[in-house]
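K.L.:
Quick one: the structure is below, questions incoming.
Each reported figure results from applying straightforward, stated rules to the coordinates on display, with no laboratory input. Computed from a predicted structure; not experimentally measured. Cβ placement follows ideal geometry from the backbone for every residue including glycine, while neighbour counts extend to all protein chains displayed.
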């Protein structure tokens, strides 16, 4: 990507935008130099119930945020990892946190705000890969709220959920489904008239294949046409890269890791250690 930046074109990059913080910073620097834009594919931010939840947070309906949790309970077998030699490797993929849970971790950051610190444990339970298939993370946000990330690809015999819950002093919301696409709970201490029809209007995405990807690409086109920042730009993408490295750093050291930091023990993206 760095070699292509000089041609003055913008980039649509699948999640995550990079594995290493230094690489993300180099990408941002190159695109600033050549006036390119970066769009990172975190399409679940466009999910209808997710948009409704974010609006409630932004309007202060929760009051003080207390706890945000994401749960990724998916199934990936040894056969899945063996299909591609890069899967589950530190140098080119990482484990469930860097890959399958990337959208959910991004969503937690988007909802809850800036991270102060993380503490993490991970394990490789049911498959033979370099990285983890199971992880548990505690997050402390700068607003004093806490977060929990539960992520595994060791769910058997089939996938269970990909969900997010937000709890505050004045409300609780849970969005479940396979990729945070089904409104499950919508409770507020101070009801609004629209709450009565929220499940009718905002519970699900339209029944159109890859609808949220289409919304993402429409935002890319609009951003390019109007020369404005995209909804999920390179700076947003970098937030995930930083926190996932902090999580791996904590898992390796057994310590609470405070942001901002530079990785020392995190193996993510380090091909020379394979």
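K.L.:
Using the structure shown, decide if residue 216 is in contact (Cβ under 8 Å) with a residue 40 or more places away in the chain and crowded, with 20+ Cβ neighbours inside 10 Å. Reasoning before the result, please.
P.N.:
Working: in contact (Cβ under 8 Å) with a residue 40 or more places away in the chain: yes; crowded, with 20+ Cβ neighbours inside 10 Å: yes.
Yes: the conditions hold for residue 216.
K.L.:
Look through segment 96-111, keep the residues that are under 15 Å from residue 150 (Cβ atoms) and touching a strand residue (DSSP E or B) at 6+ places or on another chain (Cβ under 7 Å), and return whichever of them is surrounded by the fewest Cβ atoms within 10 Å (Cβ to Cβ). Break it down into steps so the answer makes sense when it comes.
P.N.:
Kept after step one, since they are under 15 Å from residue 150 (Cβ atoms), are these residues of segment 96-111: 96-97, 100-105, 107-108.
Then keep just the ones that are touching a strand residue (DSSP E or B) at 6+ places or on another chain (Cβ under 7 Å); that gives 96-97, 100-101, 104-105, 107-108.
Details: 96: 24, 97: 26, 100: 18, 101: 28, 104: 23, 105: 26, 107: 28, 108: 26.
Per the criteria, the residue is 100.
K.L.:
Taking segment 182-208 on its own, how many of its residues are under 24 Å from the mean Cα position of the chain (by Cα) and within 25 Å of residue 71 (Cβ to Cβ)? Write out each step before concluding.
P.N.:
Of the residues in segment 182-208, the ones under 24 Å from the mean Cα position of the chain (by Cα) are 182-186, 202-208.
Restricting the remaining residues to those that are within 25 Å of residue 71 (Cβ to Cβ) gives 182-186, 202-207.
Final tally of qualifying residues: 11.
K.L.:
Name every residue in segment 12-39 that is touching a residue at least 12 places away in the same chain (Cβ under 8 Å), more than 17 Å from residue 231 (Cα to Cα) and in a helix (DSSP H, G or I), in order of residue number.
P.N.:
Scanning segment 12-39 gives 21, 23, 24, 25, 26, 27, 30, 33, 34.
K.L.:
If you don't mind, another one. Any idea which of (1) assigned to a strand (DSSP E or B); (2) surrounded by 22 or more Cβ atoms within 10 Å (Cβ to Cβ) is the one residue 150 doesn't satisfy?
P.N.:
Every listed condition holds for residue 150 apart from (2).
K.L.:
Determine which member of the set 159, 116 is surrounded by fewer than 18 Cβ atoms within 10 Å (Cβ to Cβ), assigned to a loop (DSSP other than H, G, I, E, B), within 21 Å of the chain's Cα centre (by Cα) and touching a residue at least 40 places away in the same chain (Cβ under 8 Å). Can you show your working first?
P.N.:
Numbers: 116 fails: assigned to a loop (DSSP other than H, G, I, E, B).
Just one listed residue meets the conditions, 159.
K.L.:
I'd like to verify a number: residues in segment 238-268 that are assigned to a loop (DSSP other than H, G, I, E, B) and buried (at least 24 other Cβ atoms within 10 Å of the Cβ), how many? Even if it seems obvious, please write down each step before you answer.
P.N.:
Narrowing segment 238-268 to residues assigned to a loop (DSSP other than H, G, I, E, B): 254-256, 259-268.
Within this subset, residues satisfying the condition of being buried (at least 24 other Cβ atoms within 10 Å of the Cβ) are 266, 268.
Total meeting the criteria: 2.
K.L.:
From 174, 182, 150, grab the single residue that is touching a strand residue (DSSP E or B) at 6+ places or on another chain (Cβ under 8 Å) and without any contact (Cβ under 8 Å) to a residue 12 or more places away in the chain. Outline the logic, then answer.
P.N.:
On the way: 182 fails: without any contact (Cβ under 8 Å) to a residue 12 or more places away in the chain; 150 fails: without any contact (Cβ under 8 Å) to a residue 12 or more places away in the chain.
Step by step, each of 174, 182, 150 is checked, and only 174 is touching a strand residue (DSSP E or B) at 6+ places or on another chain (Cβ under 8 Å) and without any contact (Cβ under 8 Å) to a residue 12 or more places away in the chain.
K.L.:
From 235, 224, grab the single residue that is surrounded by fewer than 18 Cβ atoms within 10 Å (Cβ to Cβ), part of a helix (DSSP H, G or I), in contact (Cβ under 8 Å) with a residue 60 or more places away in the chain and touching a helix residue (DSSP H, G or I) at 6+ places or on another chain (Cβ under 9 Å).
P.N.:
On the way: 224 fails: touching a helix residue (DSSP H, G or I) at 6+ places or on another chain (Cβ under 9 Å).
Residue meeting the stated conditions: 235.
K.L.:
Can you tell me which condition residue 63 does not meet? The list is (1) in a loop (DSSP other than H, G, I, E, B); (2) under 28 Å from residue 262 (Cβ atoms); (3) touching a strand residue (DSSP E or B) at 6+ places or on another chain (Cβ under 8 Å); (4) in contact (Cβ under 8 Å) with a residue 60 or more places away in the chain, and all the others hold.
P.N.:
The single condition residue 63 does not satisfy is (2).
K.L.:
Taking the condition closer than 23 Å to residue 243 by Cα and in contact with a strand residue (DSSP E or B) (Cβ under 8 Å, 6 or more places away or on another chain), does residue 48 pass? If you could, list the steps in order and put the result at the bottom.
P.N.:
On the way: closer than 23 Å to residue 243 by Cα: no; in contact with a strand residue (DSSP E or B) (Cβ under 8 Å, 6 or more places away or on another chain): yes.
The answer is no for residue 48.
K.L.:
Being within 13 Å of the chain's Cα centre (by Cα) and part of a loop (DSSP other than H, G, I, E, B) narrows it down to one residue among 127, 96, 105; which is it? Please lay out each step first, then the result.
P.N.:
Numbers: 127 fails: within 13 Å of the chain's Cα centre (by Cα); 105 fails: part of a loop (DSSP other than H, G, I, E, B).
Within the list 127, 96, 105, the selection yields 96.
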